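Working notes, beginning with the structure itself.
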Amino acid sequence: MNTSLPVFDVRSLQVVRGGSLILDVPSLVVAEGEILVLIVPNGAGKSTLLQTLSALVKPSRGEVFFRGKKIGEEIPLLQYRRRLAMVLQEPLLFDTTVYNNVASGLKIRGMKRNEIEQIAAKALERFGIAHLRDRSTRTLSGGEARRVSIARAFATNPEVLLLDEPFSALDPIMRETLLEDLEKVLRETRMTTIFVTHDRMEAIRIATRLGVMNAGEILQTGSPDEVMNHPVNEFVASLVGVETILKGKVTRKNNQTFVAEVSGQEIGAIGDPDLGERISLCIRPENVSLSTTDSCGPRPEVNAFPATVEKIMAMGFYQKLHLNCSFPLVAFATSRTLSDFLLREGDHVLACFEAKDVHVIRDAACDTSRLR
Amino acid sequence: MDIILEGIKKAFWLLVSFDPEVLGITLLSIKVSGSATLISLVIGITVGASVALTRFPGRRIVVSLINTGMALPPVVVGLFVTISLWRNGPLGFMGILYTPLAMIIAQAVIATPIVTGITLAAVQQLPAKLRLQILALGATRLQMLWILIKEAKLSLLAAVMAGFGGVISEVGASIMVGGNIKGYSRVLTTATVMETGRGNFDVAIALSVILLLLAYLINLALTQIQQRERRR
Amino acid sequence: MRQWALILWGVALCLILVAESSAAKGKTLILATTTSTQDTGLLDVLIPIFEKKTGYFVKTIAVGSGQAMTMGQKGEADVLLVHSPGAEKKFMEDGFGVTRRLVMHNDFVLVGTAEDPAKIKGLKSAAGAFKKMASAQALFISRGDNSGTHAKEKDVWKVAGVKYEGEKWYQQTGLGMGQTLNVAAEKKAYTLTDRGTYLAVAKTLKLDILVEGDAVLLNIYHVMEVNPQKWPKVNIAAAKAFADFMVSKETQEIIKTYGVDKYGSPLFFPDAGEKLEDLGK
């Protein structure tokens, strides 16, 4: 197997249905061993992308190259499909035993009975469902069904695994457990994976490469750090968890730093925009720290703003604080922190964040539609 | 009421004494209707599943035709099959009018739309994405068809029962194309009509009882299979 | 894999049946006759003898007289055994038949309940009885199916010169003789029936013979081979063998005694070789 060729090389891929363009991907490259996670806020286009990649849907325009060979022409479709595995949103198990489900992909490939037995047993073991072997799939819980669905895909020993929101509609604890187990297997097998989800926590957790998709277009791809902290536009920013996006005007510049005026306050950031330019500033809540004293700590280049706690929202494991510093600012805090500092709505704090944590989106890329 | 009692007594007697003529008639009923049902299953399940899964121009018309076919009057089928099989008719050269084979053909024509219609509905009811998942597992179109048919097996067993029920009880077409010839093309239903026509109500009722018993036993067996599948 | 086995088994069965069915076309004889003839059971005795003697396989198709004649006209039968002299004559005139030979006769009788509201019991004239029933507006059940019996009934109405079509007391069943008798018994009505069928079901029905013996009530059977020149597919050899068989001495003997042990009197009277005018007791 040639590992220097990308696994997928998508060029000018478009799918038109009912007169409208539902998928438009000018370029996408997936490397060997990569776990690419696409954050997609709603259904538009994500299923179509995966279905096109697995040759279940024919593109209206464009080509997909698999390891350098064009699918449909240089690789026959059936052969190609047998080298991938796809797990859909609902488990879609067959009305028979768990074993028969896991073995189904192998039976389809016409393997011999004892070969199937070995491989299927291993897959059952790997996903912790060996004890469910002879159970009818009608009696499984949601989480168990997902495991069977994934084990079924894995048993076929694919070169690429495609997952379409496999953990949707599960409770958070189940999601957590399944994700952990999946991650373990993916890393062990070094499986090239494309994973689509709307849950950014899941995405950040498992991805070696992160992407954001909306309305059939891929808006940004990059390392998780890149995308999370340097979203190319506001839409992406909001998807990756940037809670604070501020509009400002550049008032002062100095070398690689500048100051922008936002709602009468001055925020220091790193970058090289033009004087007088209108820009957007993105601040992740994790990067905001709070102080009940007059200072933010030893570092002087920190942006510090007195703020009022307008609202505290419980988000499960943490709390989200909406602050008013003349401009809106969102911060996270643990319940512990809040109780230690006795912070309640209406209290005054000092909000602090570093200049380097302020991400700049220049006006040209500021609207939420097309990225070039 | 006592005429029915008479009939039941006679039925019991005929069965227990293995009356050869009645045995022959019963066996032929099973042979003819069984074969017709089998043929209708092969054609019906394949066509029904294929139409359910494929989009093609005029599909709606085909589906309407299938659904209409389910209500096709057997007597009409009998008439048209007879006309086709007449010695001087289009298929007369085959020389199969007034034979059990002609009866099988007529009954198969009656049962096939029933099986097709039920299969069509059953396969259409399967989750839409299931087809994609099966293809994603690397199945050929034929393998996919087979797996989907297996997934719909509960409904398909209902189709078998409906198809068989429709033809084991059929009499109009069977008389027309079979001729109700003694010891050759006489089955339970045609014999019942003949005996009624002669006024031999006790024999007619006896044959009816045997027919009901037969239909019940076979449906019992099929229901067992269906409910066993369900419980698993 | 069991499913495949089942399908193959089914296909094999069908093939066997095909083989069975298409075997020996030359050895098959299609005999078109009437339900009332078959219902007497006479053919159940004669056919096996004929088959054994000649090796032919006889397919007895028992339908209404009208349909039997039509089958002959369309060449769908090889030989006819019917009892509608009027239609038969036309059949021969139109060239559909080769020969027409007298076989036997039985007769029709007018039956009704013992109460006999129209008071026709013992009348010598059938037409007279019909006139009386009409004027009494007594319920009369007709077969109304163009069978031989129905044809005979219409003839008598004609001779009686009475209006019966559409009258309230005149009802048509469209059914076979046995069933029509049941309906008549049920409704306590009059009906015309062949003696054979009556004798076969008499014990279960409360109907008596009220009028019999009139020459017009004779039910005469002829056997006719269908003309192969009109319809080449007709198995003329088999047809001729059957016709010969029906008028042969041995067969005529069997016809003479048929029904005696069961009903006390014979159902038919053998007439082969006789002249039509000499018929009747």
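What follows is calculated from the coordinates using simple rules that are stated; it is not laboratory data. Being a predicted model, the structure only gives us computed values, none of them experimental. A quick note on method: Cβ atoms are made from the backbone with ideal geometry, for glycine too, and the neighbour counts reach across all protein chains shown.
Before moving on, here are some points about what is shown:
- Cβ-derived FRET efficiency at R0 60 Å, A:K58 paired with B:F18, nearest 0.05: 0.40
- What the Cα atoms of the protein assembly as shown give is an Rg and a Dmax of 44.4, 144 Å.
- Under the span-like rule (Cα at least 27 Å along the axis, Kyte-Doolittle mean at least -1.0), DSSP H helices of chain A: none
- Computed over region B:1-124, the ratio Rg/Rh where both radii use C-alpha atoms and Rh is Kirkwood: 1.12
- Sorting A:T221, B:T192, C:T37, A:T251 from the fewest to the most surrounding beta carbons within 10 angstrom yields A:T251, A:T221, B:T192, C:T37.
- Sorted fewest first by neighbouring Cβ atoms within 10 angstrom, B:S208, A:S223 come out as A:S223, B:S208.
- For region A:133-262, the convex hull spanned by the alpha carbon atoms encloses 153 Å³ per residue.
- Kyte-Doolittle at least 1.0, axis length at least 18 Å by Cα - qualifying DSSP helices, chain B: B:2-16, B:20-53, B:100-124, B:153-168
- Each peptide in A:197-205, A:84-92, B:55-63 was scored by the mean count of other Cβ atoms within 10 Å over its residues; highest first, the order is A:84-92, A:197-205, B:55-63.
- Across peptide B:93-100, the mean count of Cβ atoms from other chains lying within 10 Å of each residue's own Cβ comes to 5.
- FRET efficiency for A:M174 and A:L77, using Cβ-Cβ distance with R0 set to 41 Å, rounded to 0.05: 0.70
- Order of A:I279, A:I270 under a 10 Å beta carbon neighbour criterion, fewest first: A:I270, A:I279
- Computed label-point distance, nm, for sites B:S64 and A:L5 using a 7 Å Cα→Cβ extension: 5.2
- Chymotrypsin sites (Phe, Trp or Tyr not before Pro) restricted to region B:1-52 and DSSP loop, no more than 16 other C-beta within 10 Å: B:F18
- Between helix C:236-247 and chain C there is an angle of about 40 degrees, using the helix long axis and the longest principal axis of the Cα atoms.
- Cα-Cα separations in region C:142-181 greater than 16 Å, expressed as whole percent: 33
- Percent of Cα-Cα distances greater than 28 Å, calculated over chain C: 42
- Here the gap between A:R344 and A:N42, fully extended at 0.36 nm per residue and compared with their Cα-Cα distance, gives a gain of 105.2 nm.
- Taking packing as the residue-averaged number of other Cβ atoms within 10 angstrom, the listed peptides C:260-273, C:79-92 run from highest to lowest as C:79-92, C:260-273.
- Of interest is the spacing of the C-alpha centroids, which for region B:45-99 and region C:145-198 amounts to 39 Å.
- Rounded to the nearest 10 degrees, the angle from helix C:42-54 to the longest Cα principal axis of chain C is 30 degrees.
- Calculated mean residue ellipticity, 222 nm, the protein assembly as shown: -14000 deg cm²/dmol, from DSSP H runs (n ≥ 4) at -39500 (n - 2.57) each, averaged per residue and rounded to 500.
- Inter-part distance where region C:59-126 and region A:230-247 are each reduced to a Cα centre, Å: 100
- Sparse packing (at most 11 other Cβ atoms within 10 Å of the Cβ) combined with a DSSP loop state is found for the following GluC sites (Glu not before Pro) in region C:90-198: C:E115, C:E165.
- Theoretical FRET efficiency, 1/(1+(r/R0)^6), r = Cβ-Cβ of C:V159 and B:I8, R0 56 Å, to 0.05: 0.75
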